[in-house]
Every structure is written in C-alpha cells, then in structure tokens.
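A short worksheet on the structure shown next.
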Amino acid sequence: MDSLNGKYAIVTGGTRGIGRAIAERLLHDGAAVAICGRTQASVDRAVAGMQPFGRIFGTAADISQVEGARALFAAVDAEFGGLDILVNNAGQARFKKVGEMTPEEWHLNIDLNLNGAFYCAHEALARFATRGGGFIVNISSLAARNAFSGGAAYNASKFGLNGFTEALMLDHRHDNVRVSSIMPGSVDTEFSGTPGKPRPADTSWMIAPEDIAEAVSMVLRMPARTMVSRVEIRPSRPAK
C-alpha cells in the first residue's frame, strides 16, 4: 500500500483535531475518505471543508455502541462499495480519581476508546476479506504506558487498546491485514492539557495534529512486506 490512490478509508472521529488532520492527509494521498462524528451538523461542516481535497463522505455515528458501528459501515458500503483502511481515532476522556468516578463516567471512556475500536475493527475485517487485505491504525496514547492520577479510566482504555492492537495483528497478519498503533503525547487540540488544570496559554511546544497525520500516512505507505507495529510520538521540547 505504498500508494493510497484508489483506496477507501474510514477515519472515526474525523470532524476535528487529530481525526480531521488524518482525513485531510489521506485525501491528499489520493484515498477516498469517510468520516464520522457525534452529530450530523458537525460532520456536514467537516465534509464541506474537506471537499476541495478529494472524495469525502461523512455520517453521524455513535460507535461506542455496536449498532452505531454497524450503521457506519453500512453507510460506507453504500457510498464506496469497499474498504481498505480503518483509522480508529474516535476517543474521549473523563478525568476523575477512582473513588470519585461513577460507573457511567467509567463507561464513557471504555465504551468509545476501547469497545468502539473493537466494533469497528470487527466490521472492517469482514470488508477486508473481500478486498484481499487491509490496514487498521489505532490512535492510542502515551497514556497507554504512563498512568497518571485522575486518569484511571482513560489509562485503562488506552492500555487495553494497545493490547487489543497487538492481539489483532497476531490474529490477522496472515490474512494480509496490517495493524499499527500510533501513540501521541501532548497534541495541540481541544483535548490537550493536564487534567484538572486550565489549558496552557502557550501551546507552541505541543505536537501538531498534522504531525500525527504524517505518521499515519507514513505507516500506511510502507511496502507491503513491512509493518510498523507501534509509533511513539513526543514533543521535541516540552514545557519545563
């Protein structure tokens, strides 16, 4: 897949931030791209903004629920008729200490960040079987290696996503399915910042979303004989 021309891709959570940057990069690389988001209005705005770059499609979908993931893939089937790439980017966080967190807040992290990745990967694998293979990129986090106070649910979701990614690769590498994990540190998006503290005024030291998109593009365009299994990305010079 050293060229993405003629490929069909899904980027979950593709309306803003890292997901939007990835979708735009894949369009520039020649892929047709489908995105999903929380509301149809946010999806429509993002699609309108990306239409000059290539073939873009979007639909609202709650992929934290299995039926929402199925509906997303059915819509992409109708629009594209095939799938070659899945980027599991959609995620969210509720930062609270364990004793202060409700079960509902726990599930907000796990159901989207981890379960949603499984639901979408499961749907993608069925499509890849008809295409002779495919590629799944899971957007994880350095929080998958480094736990922090107030991050139990988010940490658990990303630690779990890393384990799922590795097992998924082992399960399906001989089906011509490559699987990679991208693990960013502090990225300059609305999501960034230290839990419980105001967003810093100066974010110039943070990773740009476009840098993560560049890594995704690089991973996808590696020769078919090679698979980059994990990429860790950090700011070069974080704030002191």
Task: Cα-based reach from residue 96 at 17 Å (exclusive), listing aspartates and glutamates while leaving out same-chain residues under 8 positions away - done: 104, 105, 111
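Please give the charge dipole size of the chain, origin at the Cα centre, charges +1 on K and R Cβ atoms and -1 on D and E Cβ atoms. Round to the nearest 20 debye. Intermediate results must be reported in sequence, preceding the final value.
Details: 25 positive and 24 negative charges, 109 e Å.
The calculation lands at about 520 debye.
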- [ ] Please report, as a whole percent, how much of the solvent-accessible surface of the chain comes from carbon and sulfur atoms (probe radius 1.4 Å).
- [x] 51 percent
Task: Segment residue 3-residue 65, extension gain: residue separation times 0.36 nm, minus the distance between their alpha carbons - done: 19.0 nm
TODO: May I ask you to give the solvent-accessible area per residue for segment 1-150, in square angstrom, as obtained with a 1.4 angstrom probe?
DONE: 42 Å²
TODO: Could you state how much accessible area residue 211 has, in square angstrom rounded to the nearest 10, with a 1.4 Å probe and all protein chains kept in place?
DONE: 80 Å²
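The values are calculated or read from the model by the stated rules, or taken from the named source; none is laboratory data. Note that the structure is predicted; figures quoted are calculated from it, not measured. All Cβ positions, glycine included, derive from the backbone under ideal geometry; neighbour counts span all protein chains shown. Ligands, DNA and RNA are excluded from the accessible area calculation, which covers all protein heavy atoms including side chains. Shrake-Rupley method; radii C 1.70, N 1.55, O 1.52, S 1.80 Å.
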